[in-house]
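The block underneath contains the structure these notes are about, expressed in structure tokens.
What follows draws every value from the coordinates through simple rules; no lab data is involved. Bear in mind that the values here come from a model prediction, so they are computed numbers and not experimental data. Glycine gets a Cβ as well: all are built from the backbone with ideal geometry, and neighbour counts include every protein chain shown.
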């Protein structure tokens, strides 16, 4: 429904900017697997390993910082491989993740290097985790800077790729409203497999499976009974901070 | 980008619910012409002629009520024909247009008769014209009632077609945020011709041309420089009250 | 700061639309007295006497409906006289006050008869009293209808007078934000005298005096220390649902 | 409509805080010219030249940073002179403009030096340009600091001048609601001339002319038909973050 | 944490106002069972049977209107009995449920008869089902009318019982934000049993079980790890339209 | 109404995070005195003395910075003692108070040292004083960091204590909505005595007494007439950024 990228030859490119190592799996694993399944390129810019804020189990077992970072990196790389994506670690330190000009500049580089057609990141608010809004602010700022020919650095300037915010853990407390419901039924098994790479957060496997079922119920409710959707439709929800560009209303 | 309508054979159908005779031209003429140009069916449910609230010139010239209604009907029919749509008049009386069970029931009938794939109507708020919110309320309520097998009446129940709100005259005062920018460049001449059928509101021809230019500038700004868009892109803006159902993020 | 009314000769006219007999005193007595003190004409359209919902004391004393209405009418007339305004009673029945086409039509008449330069009424929300939002809806709808040459009835059509919402009893629960702070210091004694006409609600005399002190403190805080304002500035707060028209920023 | 500045003698003073060299012309040129035409003093605190983010044409032509800054400075000085204002450059570096204590402190100095009766700046949000919100934050913070006798620095403390936010490029996406419509018809030719000083952004001349026409249409719509306004009224729109202080409702 | 009801002897009373026969089970079954388990009285005012809008299966099976109403009544009575509550049917007709003075008056009667200490009802918005907002409006209006000594009718006037909105089917699309998370773990089996009385909506049994798990996870997340909560905490979410009255912050 | 802290023995603990020396008295003196009167521990983390921004009188009298800090410290210590709380000064410098990692880290330490059951702080917005939002941001961030076992530092990690925002000086301009009304009647004399320790801000004694009366009127209005509340109920208002955890709806 959007403008086709004119001449093209290069496959479409998606850039995912996340705060911690597990975020891209729980929140956007379906969208990533779907894009990869169509032969598109997906790059994950992972700002931290979630080594302090999201690795309680490892700390309780007495592990050290570097060891924990290594574990989480390995898990995330495995999950990314399952989904068909490449992951780059920025190792910026979490809890708190602090927005800095240097880190933003490295993201500008990532934008120019990947030339994304689509950008995924955290939403603006999250009262339970300040690292998520920090990642959001840097992702959005870097996208604008990467568009400016006057901003220094390697690579071509980028266009204005659409941005999608993925769903936070407590959507209603974070101002999250499902504006796009993405049908991920056909790649669901892949997402489940990727989730199971994250051994340290086993309790979330079923939690995010249930969420996909519920978003699937809503997808069907919003699509009407006559679309021939499978009995169990699985879905992910997203917000759009910028207007959709369309050639048709649908 | 949306689910294809499974077996299908019938062309896609669009239902436009408006308060007054001119609304569909100024606010959605491009969307209508675009759908028609693809061979789709477009039906306009026009609740009133705008005979009291939007025909000041005719009243000042001393015309009578019935005469004014006839003039506005003729203009609207001509404009609809230019756009490639069919218009049905409900003659419910404007200024004020009052929501009633009977009128809503007639809209349910229109939904079931046209089986729309897409619905266009006024947004929720308009501090300058209470008829527009009244049309919105009935359009939304009738859509839900038409889905229920238990609601009596002729025709098949409908699915859950996406709804788009078109742009009010003073968008910022009406809580309007452009969520979808529709490229109407290729049907622009048709929309202009339809606008020129509305002789009584000549001052709006340029106003809505300028608006399309500005929305076109925004479309290009949100789409990035690399889409090969024409120099002068013309656009219309819409809101989505329900989530978009997607098979791809784009 | 606003456009001067061109030729002029007639004094400026203010129309106040309220739900109950006491509302105009507590909420806008200062604004009314100020306008009257400049020789302007103020008309209060009082939709009900507040006979059921705001006369608990009288009911407890065993008074009858008509008696209560007579008491409240007398009090309101006295208060209006003190402020320098004329009050018209619509006797539409309160608790609940129900919006009807007939009542709205009578308000259209009042608009056309008084040709207001300024309109005061209740704000959109009040979770403690549904009569206030009902009065708001009718006041706004009638204002728009009164502008239309096609709307039948006596009198000249009106322009688009600015509307001000006065402060509800629990502002933070009613979405009320003080957008205009009106200095009523010079007519404060008059407002106090008018309040004291409302014997049945003696407990509110000090309550609304305290409110005026607090709004006065805010007025000074927003005006800066250098305006030579009196030590004890008294103020009333208002909202503007429509944009201010200005010839100067100030 | 506002409190007259008591003894007075000094002309009124306006301080405009903007992010880039062109902002004051497109967004507030009319307000500036109007104030200047009444003999008031207008000072523009221009935080950057827009050398990186808003000078794409010059970068494409292969110009160097300092050269570009010089071009934009010259253009802005010429435009300011046409409008009758003085412009001070802070050369803080754009894309990104970063809020710092030092820069804020220099703004405090500007506030105390100019003793503004009115302040104009960017609104809080702008999803397309992070420099605008950064300028907003510093402008508001410096205004509060400049009021405190305990905050060190030269000059007298200031009062609490009203603040007006001017219109961003995409108002509906930036939470902008026109709360004040300023009639700039009588200085329109001056604003147009100032716009034409900005040779690098030729495509915006007509864009902002059209915007002024549209805001003028809305001004007339909100003012009513009876104000004797000129056929083609030109206007600029503003928001008020603080309450208006009034001696009269109008 | 609230004020104890002074002398008292009568058990606490809860009034639940719902649009359709199943609503009180899915959305507030836990809250009802919890109150009943403490020996409190719970009365459900069920405005319609959901005979048209929520009985698709029965219609598809060719059942008649009266038959469907009888089925739904029987199911709801059984579920209420399991929860320990009494249900009263108003048979007002659904799809659409229309707010009328008569129906509101019957609700006033119910308020005065039950003298509730707590009120539960639907939230203000639901874009998928207009009957829910209609029930909300009448429930809130009747509560205010029932407080007024001047409003005619049998029974004592009521106080100002706190109101809780229960969770709609698509919370994020209905402006629902979980403001109170109620621990219903100890009555969960009872709620499940009540849900299983609603044979016609079998697909919702697991859906609402999953929802209770998720709200339980959030309860634990918001309560901290140190409260000795059971491994699997089940919860229901509510909103408060009025301020909480407290004797302690907790 | 909340979960009892399981075995426990230690008294409940409250942590109050404020920007300036006087804030805890005006805004939360009642809540503090109430907790202390029940034998609970209350600790005030006072980030600055308000030496620059809230000590205008002392500056006008020509006092020096250190002298002013000493005066404000003494006043605050006296007021805290009256209320029954302990105050810790962070001396971080006001006007502006700047959020830094170091200061946040010191707050983490305070959270872990005091193990609060309840947290009080400023709300998110305050257009009149940027130090208040800065204190809010650090208080919320430190609370989340203090929960993480991976965040380094002394002391045990904390749970997820409920947070309450106290009332700002201009509530309607700061997005403040009274979500909790706390009855402080029984400790009112103590709060008044604490206020009178703040000699430099004598004009606020009555202002905040009036505010408590008004919030008390609202408490009674929201609680209903039948609670046997004292004639003059005094109250403080709070907001909850996180959901309330409840074992009962009340």
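Per residue of B:166-176, what is the mean number of Cβ atoms on other protein chains within 10 angstrom of that residue's Cβ? Mind dumping the intermediate values first?
Values: counts 0, 1, 0, 3, 9, 3, 13, 9, 2, 2, 1.
Taking the mean over all residues of the peptide, I get 4.
Shape class of the stretch E:107-250 from the Cα gyration tensor (axes a ≥ b ≥ c, square roots of the eigenvalues): prolate, since a/c reaches 1.5 or more and a/b is larger than b/c. Partner shielding of C:131-138 amounts to 0, given as the average count of beta-carbon atoms from other chains within 10 Å of each residue beta-carbon.
The listed peptides A:13-26, F:116-129, A:197-210, ordered by packing as a protection proxy, come out as A:13-26, F:116-129, A:197-210 (highest mean of other Cβ atoms within 10 Å first). Solvent-free Debye calculation, one equal scatterer per alpha-carbon of the stretch B:40-88: log10 I(q)/I(0) at 0.31 Å⁻¹ equals -1.13.
In the stretch C:119-176, the C-alpha radius of gyration followed by the widest Cα-Cα span (Dmax) gives 13.5, 40 angstrom.
List residues of the stretch D:108-146, by number, whose backbone nitrogen lies under 19 Å from a label position 7 Å along Cα→C-beta of residue F:203. Within reach of a label on residue F:203, which here means backbone N under 19 Å from a point 7 Å along Cα→Cβ, the stretch D:108-146 contributes D:144-146. In terms of packing, defined here as the mean over residues of other Cβ atoms within 10 angstrom, the peptides B:78-84, F:99-105 line up highest first as B:78-84, F:99-105. Here the protein assembly as shown carries DSSP beta bridges of which approximately 25% are antiparallel, counting only pairs with both residues inside. The C-alpha atoms of the protein assembly as shown occupy a region whose extents along the principal axes are 81, 77, 77 Å, arranged from largest to smallest. Taking 11 Å as the cut-off, no amide N atom of the stretch F:25-59 comes nearer than this to a point 7 Å along the Cα-to-beta-carbon line of residue F:137.
Kindly identify chain F as rounded, prolate or oblate by the Cα gyration tensor criterion: order the square roots of the eigenvalues as a ≥ b ≥ c, call it rounded if a/c is under 1.5, otherwise compare a/b with b/c, prolate if a/b is larger, else oblate. Oblate shape, in that a/c is at least 1.5 and b/c is the bigger or equal ratio.
Taking the Cα atoms of the stretch B:25-149, the ratio Rg/Rh between the radius of gyration and the Kirkwood radius comes to 0.97.
Potential lengthening of the chain between residue C:98 and residue C:156 amounts to 18.2 nm, from the contour at 0.36 nm per residue minus the alpha-carbon distance.
From helices alone, chain C scores -12500 deg cm²/dmol at 222 nm; the rule is -39500 (n - 2.57) for each run of n ≥ 4 DSSP H residues, then divide by the residue total. Secondary structure note: in chain D, about 25% of the DSSP beta bridges are antiparallel.
Relative to a virtual label point 7 Å from the Cα of residue C:74 in the Cα→beta-carbon direction, which members of the stretch C:156-200 show backbone nitrogen distances below 19 Å? Flagged as within label range: C:194-200.
Relative contact order, whole percent, for the stretch C:13-239 stands at 24, derived from Cα pairs under 8 Å and 6 or more residues apart.
Quantify how strongly other chains surround peptide B:81-90 by giving the mean number of their Cβ atoms within 10 Å of each of its Cβ atoms.
0
The separation of the stretch E:122-179 from the stretch A:26-87, counted between C-alpha centres, amounts to 45 Å.
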